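Visitor: There's a structure below that I have some questions on.
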Amino acid sequence: MTTTAEAVQLITRARAARHARNVVVLVVLGVLVFATFCVSLSLGDFKIPVVDVVKTLFGGGDKATEFIVNRLRLPRALTGLMVGAALGMSGAIFQSIARNPLASPDIIGVTYGASAFAVFAIVTLGLTGAAVSGLAIVGAILTAFIMYVLAWRHGVSSYRLILIGIGIGAIATSLTSYLLTKARVEIAQQALIWLTGSLNGRDWSNVRAMAITLVVTVPLVVILVQRLRILQLGDETAYGLGLKVESSRLGLIVVGVLLAAVATAAAGPIGFVAFVAPPIARRITRSPGPAMIASALIGALVIALSDLIAQHAFGETQLPVGVVTGVVGAPYLMFLLARANRVGSGG
């Protein structure tokens, strides 16, 4: 017979082993992200050895290398990493709240709303740059607000939130298509490039915007993540544990929307990163919870690898990073839907 003390000791050891394993996983992910980041800075028309890139990042490179790395390539690479991290965390928040792997901001309509407003800014108002990004953020926030209001029935059901989000996303996509059909060819081409999701031409203003967003939102995520774990147990259990369910859910949705909105404003609607990063994070950490840090690191890694492929895998032809993430993410979405139908939960 196992005594209570022995059982407690076994549980403590299991938790310590899982914690140690998660630390190792996070360290490995961090190393992979940094390695991919350095390789991306080394490649281009003027190739630089990775060792020299690392020296330059820590202030030890010559002037020519410093100019190429810090002035020309670093803003794009940093923007990609922060966009990926923001999308990874946003996806983890939405999927954990809804307890559904389909509930990511690029599936339930948040980024579609941002896209519709951005295309309206480009096609109808003739805006560019920061103005387009600002309207994209407004579009994402307004879309999320409409979703929340329509899903409210004495509380917000995750199932209603997903269905309403998909419906609003379809409406936003239709509006975007209509705007594109009415635009001149050159304007429509500009809007289509934005809609694909691209890191081309990103500068330090994009880096600053993403950095400010992460500085504000990451502490909020840290504060709210424990509430997120309780919400995953179900509303009735959460109420029983004394959690203010609706205010906690609303706060988490606001943070998730803000992360997705600013990421979309910075690089366009890069699809499927928020969708695939959290499930991968939960699988490799073996965590039943949101695995927030791992989701952020995997999101950053997916963007970094995708942009590396988009820039250098096809010779002189450079693709928008959203094309590569779509090639990876779309089959995963079909796999999830097929598996749901096999187990009888596909509707």
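Visitor: Are any residues in region 176-187 in a helix (DSSP H, G or I) and surrounded by 17 or more Cβ atoms within 10 Å (Cβ to Cβ), and if so, which ones?
Guide: Thr176, Leu179, Leu180, Ile187
Visitor: In region 200-225, what residues are small (Gly, Ala, Ser), in a helix (DSSP H, G or I) and either exposed (fewer than 13 other Cβ atoms within 10 Å of the Cβ) or more than 16 Å from the chain's Cα centre (by Cα) (or both)?
Guide: Ser205 - this is the single residue of region 200-225 that is small (Gly, Ala, Ser), in a helix (DSSP H, G or I) and either exposed (fewer than 13 other Cβ atoms within 10 Å of the Cβ) or more than 16 Å from the chain's Cα centre (by Cα) (or both).
Visitor: Then there is this: Report, by residue number, each residue of region 107-152 that is among the small types (Gly, Ala, Ser), within 15 Å of Ser174 (Cα to Cα) and assigned to a loop (DSSP other than H, G, I, E, B).
Guide: Gly109
Visitor: Also, I was wondering about something else. With Leu333, Leu319, Leu259 as the choices, which residue is among the aliphatic types (A, V, I, L, M) and outside any helix (DSSP H, G or I)?
Guide: Testing whether each residue is among the aliphatic types (A, V, I, L, M) and outside any helix (DSSP H, G or I) leaves just Leu319.
Visitor: Next question, about the same structure. If a residue must be of a type in the set (Gly, Ala, Ser) and not in a helix (DSSP H, G or I), how many such residues does region 226-256 contain?
Guide: Of the residues in that region, 2 qualify.
Visitor: From the residues in region 99-136 that are farther than 21 Å from Arg184 by Cα and surrounded by fewer than 24 Cβ atoms within 10 Å (Cβ to Cβ), which one is farthest from the chain's Cα centre (by Cα)?
Guide: The extreme case among them is Ala130.
Visitor: Considering Ala238, Ala304, Ala274, which residue is under 23 Å from Pro219 (Cα atoms) and touching a residue at least 24 places away in the same chain (Cβ under 8 Å)?
Guide: Ala274
Visitor: Mind telling me which of the residues Gly59, Gly44 ends up being part of a loop (DSSP other than H, G, I, E, B), surrounded by 11 or more Cβ atoms within 10 Å (Cβ to Cβ), at pLDDT below 90 and in contact with a helix residue (DSSP H, G or I) (Cβ under 9 Å, 6 or more places away or on another chain)?
Guide: Gly44
Visitor: A further question follows. Evaluate the following for Ser295: is it closer than 29 Å to Val23 by Cα, in contact (Cβ under 8 Å) with a residue 40 or more places away in the chain, in a helix (DSSP H, G or I) and among the polar types (S, T, N, Q)?
Guide: For Ser295, the condition - closer than 29 Å to Val23 by Cα, in contact (Cβ under 8 Å) with a residue 40 or more places away in the chain, in a helix (DSSP H, G or I) and among the polar types (S, T, N, Q) - is met.
Visitor: From the list Thr12, Thr65, exactly one residue is surrounded by 14 or more Cβ atoms within 10 Å (Cβ to Cβ) and either assigned to a helix (DSSP H, G or I) or not β-branched (Val, Ile, Thr) (or both). Which is it?
Guide: Thr65
Visitor: Does Ala77 count as modelled with pLDDT of 90 or more, touching a helix residue (DSSP H, G or I) at 6+ places or on another chain (Cβ under 8 Å) and either in a loop (DSSP other than H, G, I, E, B) or within 21 Å of Trp204 (Cβ to Cβ) (or both)?
Guide: Here the answer is yes, as Ala77 does meet what is asked.
Visitor: Restricting the search to region 272-307, which residues are more than 9 Å from the chain's Cα centre (by Cα) and among the small types (Gly, Ala, Ser)?
Guide: Listed by number, the residues that qualify are Ala281, Ser287, Gly289, Ala291, Ala294, Ala304, Ser306.
Visitor: Moving on. Consider Ser104 carefully, then state whether it is among the hydroxyl-bearing types (Ser, Thr, Tyr), modelled with pLDDT under 90 and either part of a helix (DSSP H, G or I) or within 24 Å of Val218 (Cβ to Cβ) (or both).
Guide: yes
The values are calculated or read from the model by the stated rules, or taken from the named source; none is laboratory data. Everything numeric here is computed off the predicted structure, so don't read it as measured data. Using ideal geometry, Cβ is built from the backbone for each residue, glycine included, and neighbour counts are taken over all protein chains shown.
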